[in-house]
Every structure is written in structure tokens, then in C-alpha cells.
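A short worksheet on the structure shown next.
Any read-out appearing in this document is the output of simple, stated calculations on the displayed coordinates, not a laboratory observation. Every value quoted in this text rests on a predicted model; they were computed, and no experiment measured them. Positions of Cβ are generated from backbone atoms using ideal geometry, with glycine treated the same way; all protein chains shown enter the neighbour counts.
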Amino acid sequence: MTDRETSAVQEAKLHFLDYWRVIRLRLPIIILAFLLVVVTAGVTTYFLPRQYQSNVIIEVEQNEQKIRIFTEGYQGAMGMDPRFATTQFQIIQRKEMLYPVIDSLNLVDRWSQEFGIRTKEQAYFRLRSMIDVREVRNTNLLQISVESTDPQEASDLANSIAQEYQRKRIEEQQKILARSLSTLEDEVSKQRKKVQEANDEMSRIRTELGITDLNPDSLEDPMQSQETVLQQQEQLASEARTQASNLRTKYNEIEKLTGDELMRSLPTLEIEDQTVATILPQYQEISSELARALQSGLGARHPNILSLQAKKSTYEQQLSEQINSIRRTLVANLQITERSMAKMEEDLEKSRLDQREAKTRGSEYGRAKNNYIQAKKVLEAAELRLSTETMQRSMPMSPARIWEKAEPASAPSKPQVLLNMALAVIVGLILGIGLAFFLEYLDTSVKTMEDVENFLQVPVLAVVPKNISLLYEHPDATADAEAYRILRTNLEFNRPSADANTVTFVSGGAGEGKSTTLSNLAFTFAQGGYNTLIVDADLRRPSQHRIMGMNGDYGLSDFLTTDVDLEDVVLATEFPNLFLLPSGKLPFDAVGVLNSQRMMDLIAQVKSRFDIVFFDSPPILGVSDASVLVRALDLTIIVVQHRRFPRAMLQRVKQAVLNVGGNILGVVLNNVDVRHDQYYEYYTNYYNYYYTPRNAPDGVNGSAAKENKAPARARRAARVAQEDDY
């Protein structure tokens, strides 16, 4: 046997090792690493010196850097600076803060014999190493912790540091406030001088220009009354222009019209005349009577005709005279209106000239008045702030308040024996198990997605966890369906076009969950609104009708061997958008039946009638039926059971598909035990995050419910796999 053949056999054997076998085989290494870590931690903990910790809790308020005139409170009062706590940590550990503590407790002399301390700086570095300052989360509290081999010394140091910090904060804030008040008083004095200067300038300009301002302390413009009069004059002039234009239009229209047209147009021109309104109806009535009399056959010399003509003539003369009067009146009104409009235009232009001159004179005064009023407002705000801050200065200050003083500890804080040993146990187990799995990682068996993708050069479309149930039986099991939703999405994004809608699933051997994966994916497509068909093309040992709980005695084989229509063999399931074409009676020559023109016609029909069609097939390495389907259909997906086949076997499956001209879309990694395979923890983390069963009792999360359902699902999956096996 050659070295290559020996390596291939070894790879095939190692592929079937599960995690428990890895741990069992590597148990000596795991125990050795565990004991080494635990013993080392125990010896180290035993010889470490005992440290006692004392804590003091102090509340701190943020310092105000300076007083502002135009804002409430001090600078920084709008919120706590996120860097403030970190800054205080550093201040507490600086020499300016710790040197007074060293002097007050005489630490140089106390530590000189025990630790060889000779200078204050050496004592400072030792004291600083003993201090730990932390922020109490979401509060303004700081915890100052001091560790020492002497519990009383730790307590004294913590209290002294807190008291010194409190004293420094109060002293610093008093200095800042005093400087700020002094600066504010200077600013108020300067502002008073500015206000007086602005008032003097405003009074001078008002006297020189002869401006009358009844309220010099308000923002009201003294020119505002003149502008109001000018606006009224402009409005009157505009109305006069409009009236003159209307009269001119009416006059022009009257000049164009004569006779009856003019009389009929008077209402349209909005000209009202009582005489015309009275005579015009009589005139129209006489005209109608005259026309009726002439039509009745009376002659022109008939007395009635002559009488009517005489009346008509009288009315015509009266109307003509009245219309001439209206014309004269309209002309007179037009002349009067035009003269009035000209006078208004003249007065308006004069008012405009006066207004411009007044504005020219008053603009300088307006600027001076505005400067005075603004300076006065600033002065009022500054005086109010000065008065407020002067009163606040007399109030007690508490920028740092001690809420809990330190006391001598009754038990050492370090070393923490239980914590150290617990961590040693955890680290020992992790190191031992990690070493075992590292050795497992060095072998060449196929157990990760990268192994599949690198070896087969095809993508992994989905990872299906172990003990997935049939989605038909649990339509609400969202976590179970999530793996198939991922597979559906990847199938949609990776198939070359929407026309490539016939898909078959193949596997290297029986019992890899190919039929269950196909049915669950079809159900997921149907739930997504796709018109989906499952074709059970496994004519040797069909299983789709049993999975769906339907009768499979009449189906694909009957369509391929007889002259029946597709509608007669396609069955509608109880789920929307999901249809099933069962296998029918098992033929003697399954390969011959599938490799026929009738099969090609079936594929063409289902491609046009359904959005997506899934063909179930036998294992491709076991029989030749799958090769026929792979060649005839658009896409092929390889189902690989996790940690089952070695690389060489997967390569044979891929080569079998390519040899018949199949198009491999990708691989589905099935039956992955996510509880033991840490590699897939994040790929399938929706089991712990996304899934919570509706009927789970209070306090039982999705993981617990999943564990409770695991035995039933395992039995169901085993039964389906056994039915699908050869």
C-alpha cells in the first residue's frame, strides 16, 4: 500500500470521530494540562502575601470654571463632562494631593525600616501603587480603595486621602468663585460707563437734528408715524388711480356703442340710471306690440300702427336724451377724478421727499439709540448676575462630600483563594480541551465549511443544525425554519436567472437528510409566496408522500408511462402555494422511465407553471437515477452530512455531477450538532436568540424548550432518515 493510500484510509477513519471520541482519546492530555494549571495556581496563591482593603465613598460635583453673565449657573452646568471622572482619578493620585497625606501620617518614618523608604518621593510611589480609584456606575460617586498588609493602615490612608481631596476641592472652588466675582464686578463697571457714553451720544444727535422722541428708552422708531401717514397717502392715490381707470374704461365703451347696444350694455358697465331703468322696459314693450300689430296684417297707415309708432318715437327721444346726459355726467366725473388723482400724486411725491430727508436725518440717531438700548440690556443682565452670585457665595459649598468612611477590614481581600482556584479550574479545562481540539484541527477530515469550499470549490449555501423537525408539523417553529430561510435566500441570489427554477438535491449516500432538507426548503419557499412544486423522482424508495402524509400510489411514474395530464397527478397540499407530484407506482426500470422524452416534457411544463420546482432523487453514488435528473435539471445542490464523509468521497460526488453536465449551485451542510461544534455557534446563534415557543411556560426560554423537544424531533428525524435509507 502506498503512502497516499495509507493517508486516504487514515482520513476516512478520522472523519467518523465525533467530539466525545476526541475528548476521550485526548483525556490524558486534558487531565495533565488541567492539573498543571490548578497546582500552579494553588502554590502561587498560598505564597502570596495577604492584603487588606479599605474603601471610602465620596460624592463629587463638577467644578465651575468661571461665572457667565448670559447663562444660568456656572459654565458646565448643562451636563457632566465625560472626562471629569477620569480627571479626578488622576488628581487624587498626583503628588500635590498625596504629599500632604504622607506628611500628616509620617509615612516616610513608618516605612523606612520595613520597606527601606528614605525620601518623600519614594513614599509617594509606594502609596500610589496601593491606591485604586473607581467610579460608581451611573452616579457621581467615587470609590477610593487602599490595600495594605496592615488593615488599620489601609483604613487611615483611605480616610486621609478622601479628607485631603475634599479640602482641596473646597479651597479651589472658593478661589475660582472669588476670581470670577472680581472679574464680573469689573465688567459691570465697564458696562455702566458704556451705557452712559451711549446715552450722551444719543442725546447730542437728537438735539442737533431736532428730532422729537417721546420714548428714548424703547426701540420704537420716531419716524414710524410719518411712514404711517405716507402709507395712507399711497393707498388713497392708488384708489384714485383705480377709480379714474374704471371711469375711463366706461367712457370709452359708451363712445363705441350706440342705440340699443348702449342701452343693453348699461348694466354690464355698472351704470345705473333710474330714468333709463323706467323707460327702457316701456320702450321694449311698445316695440313688441308694434311688431305684433304689423304681423297681424294692419297697414302702415292704420290708426293703431300710427299710435304705437308715435309712442315708440317718444320713448326713443327720451332714452336718447337721458343717455346723452349720462355721457356728460360720466365725462364730468372723469375730469374731476383725474384732477383729484393728479393732486394726490403731487402730494404723495412731496411726502416721499420729506420722508427720505427725515430718514437721512434720523438714521444716525437710530443707530445711536439702538447702541444705547443694547448696552443698557447688557448692563441689566450683568447687574442681576452679580447680585445672584454674590448671594450664592455666602452659601456653604460642597464640591466633595464623604458618604462612607473607611474601616479596618476583618478579612484579607487578596489573594482570593476561591476565585483563583475557580479560574484555575476553568483555565485548566479550557486549556486541556482546547489542546485536544487543536490536535483534532490538525487532522484532514472534513468538518468545517472551509473544508467543503476549499476542497469542492463550491459555496456552502446553508448550515442545518441537528434535530431539525419537519416544518409541516411545526409551522410556528421559527428557529427551525431560519436555516431554511437562509438556504432559500442563498438559492435565490446564486441561481443564474429566474428561469433556472428546477432544482434537485443529491447526496453521496443514503440517510444524509436529503429528502427532509428538500421538503423543508420547499415549505419555506411556499411560505414566502412562491408557487412551489415537489416532484418525488426517487422511483426506487420514495418518501415525499409519507413526509406530507398523502397518498403516493398515483403520480410521476403514471405520467411518464401513460398518457395522463399533469393536472391529474399534481396534488395540492394543505399548505398554501405548495404542491406535490408523488412518485406513483414503482417501475421496474426507473432509469429508463426517467431518461425519456416524456420526462423532458414534464420538466418543460412544470418550469412554466411553477415558480420553483424541487426534484427528490436517489443517492448519486448508489444508483444512476440521480445522474439522469442532474443532467436534465437546471441546478443541483449537494447535501453533505456533517462529519460523515471524507474529502475523497465528496470529490467523487462532485465529479459524478460534473461528468453528466450538471450545474452545482452549492452545498448544504446538514445535521450539524451546534451544541458541541463551537465552530458553528455564531452561524446558528438564532437558536438561543430568536426562538421562544408560544406555549413555553414562564421561566422556560427557547433553549430549554428546544431541549425538551429534542427527543421527539430526533425520533422523527430518525424515522424519516430510515425511510429514505437503502
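Students often check this: by mean Cβ neighbours within 10 Å, which of 522-533, 287-298 ranks highest, and how do the rest follow?
522-533, 287-298
Starting from the eigenvalues of the Cα gyration tensor, five times each then square-rooted, give me the equivalent ellipsoid semi-axes of the stretch 291-388, largest first, whole Å.
Taking √(5λ) for each eigenvalue gives 82, 21, 7 Å, largest first.
Can you check what the net charge comes to around Glu285, using other residues whose Cβ is under 13 Å from the Cβ of Glu285 (Lys, Arg +1; Asp, Glu -1)?
Combined, the nearby Lys, Arg, Asp and Glu give +2.
Given points 7 Å out from each Cα along the Cα-Cβ axis, report the Arg546 to Ile170 separation in nanometres with one decimal.
My value for the distance between the label points is 8.8 nm.
Which links in Lys607/Lys654; Lys190/Lys369; Lys585/Lys654 stretch past 27 Å when you go from one Cα to the other? Show your work: numbers first, answer last.
On the way: Lys607/Lys654 25 Å; Lys190/Lys369 19 Å; Lys585/Lys654 30 Å.
Long pairs (Cα-Cα over 27 Å): Lys585/Lys654.
Which value in nm describes the separation of the simple spin-label points at Thr390 and Phe89, placed 7 Å from the Cα toward the beta carbon?
Calculated label separation equals 4.4 nm.
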